[in-house]
1. Looking only at region 43-96, how many residues end up being closer than 21 Å to L28 by Cα and of a type outside the set (G, A, S)?
2. Hey, can you tell me all the residues within region 26-55 that are loosely packed, with under 13 Cβ neighbours inside 10 Å and either touching a residue at least 12 places away in the same chain (Cβ under 8 Å) or more than 19 Å from the chain's Cα centre (by Cα) (or both)?
3. Filter region 65-93 down to residues that are over 12 Å from G46 (Cα atoms), at pLDDT below 95 and of a type in the set (D, E), then give me how many there are.
4. Taking region 56-80, which residues are surrounded by 10 or more Cβ atoms within 10 Å (Cβ to Cβ) and either in contact with a Cys (Cβ under 8 Å, 6 or more places away or on another chain) or part of a helix (DSSP H, G or I) (or both)?
5. Since N83 meets every condition but one in (1) assigned to a loop (DSSP other than H, G, I, E, B); (2) surrounded by 10 or more Cβ atoms within 10 Å (Cβ to Cβ); (3) of a type in the set (S, T, N, Q), which condition does it not meet?
Amino acid sequence: MDNIERIEYMEEILKEGQAAVAALSEALARYTALAPRLNELFDYYGSPLWFSDLADDEAGNLPEELARGVLSEDAVYNLIDENRQLIEELSGFAQL
């Protein structure tokens, strides 16, 4: 690879890196702003209040059109697990 090819190649990496860092920074800012609300959700899941809401749903006491993914056993659990995996993955980048 001659110097022109090398510079063009490195320039491509620079531009891709700048775009990736900007996108990650934006996503991290959104995630950081949402974190307190995520903690509320994680605390709600499996709590006595969650079980009460689930019982009301199972008894047919909630409107049919109400979105109730939060009452499923998988949706919040999967989000908790994905969140944990993401934190572990991000912690590995501290070594770069």
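1. The total comes to 17.
2. S47, P48, L49, F51, S52, A55
3. 2
4. At the first step, the residues of region 56-80 found to be surrounded by 10 or more Cβ atoms within 10 Å (Cβ to Cβ) are 56-58, 62, 68, 70-73, 75-80.
Within region 56-80, D56, D57, E58, V70, L71, A75, V76, Y77, N78, L79, I80 meet the criteria.
5. All conditions are met except number (1).
The values are calculated or read from the model by the stated rules, or taken from the named source; none is laboratory data. Predicted model, so just to flag it, every value in this text is computed and none were measured. Note: ideal-geometry Cβ built from the backbone for every residue, glycine included; neighbour counts use all protein chains shown.
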